[in-house]
Amino acid sequence: MNPSLIAASGTVAGPGVWFLLITVTAVGYIVHCVIWPYRSCRKCDGAGRFRSPSGRAWRYCNHCAGRGAQLRTGRRLWTYLKDVSGHTRRHR
């Protein structure tokens, strides 16, 4: 029998496999955001500044305020959820 036919037969992934794949991906992204909360700014490529239109002076980046880094969306969500859970526990 042809090896490609053997490999192609019966390779339908059930919903459990997709759920596991999505869960592992989400947990991996959360761990990534906890360890590395910042990403480089997309406008200035992480430099924090860029040349003025005349080319003579440097200007600070407006998007990252000259830091060169921006907080990731996943880290913002993580911090929000942590604050919400801490806020409800304190006031009980």
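Read-outs: derived from the displayed coordinates by stated rules, not from any lab. The structure displayed is predicted, hence computed values, not measured ones. So basically every Cβ, Gly included, is an ideal-geometry build from the backbone, and we count neighbours across all protein chains shown.
Computed from label points 7 Å out along Cα-Cβ, the spacing between Leu77 and Leu20 is 2.3 nm.
Near Tyr60, within a Cβ-to-Cβ distance under 10 Å, what is the net charge of the other residues, with Lys and Arg +1 and Asp and Glu -1?
Around Tyr60, the surrounding residues sum to +3.
Could you compute the net charge surrounding Arg75? Neighbours are other residues with a C-beta less than 15 Å from the C-beta of Arg75; K and R count +1, D and E count -1.
Values: positive: Arg39, Arg67, Arg72, Arg76, Lys82; negative: Asp83.
Summing Lys/Arg as +1 and Asp/Glu as -1 gives +4.
Computed from label points 7 Å out along Cα-Cβ, the spacing between Tyr60 and Tyr38 is 1.4 nm. Note on Ala13 and Phe50: the model spin-label points, each 7 Å out from Cα along the C-beta direction, lie 3.8 nm apart. Taken about its Cα centre, region 35-92 carries a charge dipole of roughly 80 debye when the Cβ of each Lys and Arg holds +1 and the Cβ of each Asp and Glu holds -1.
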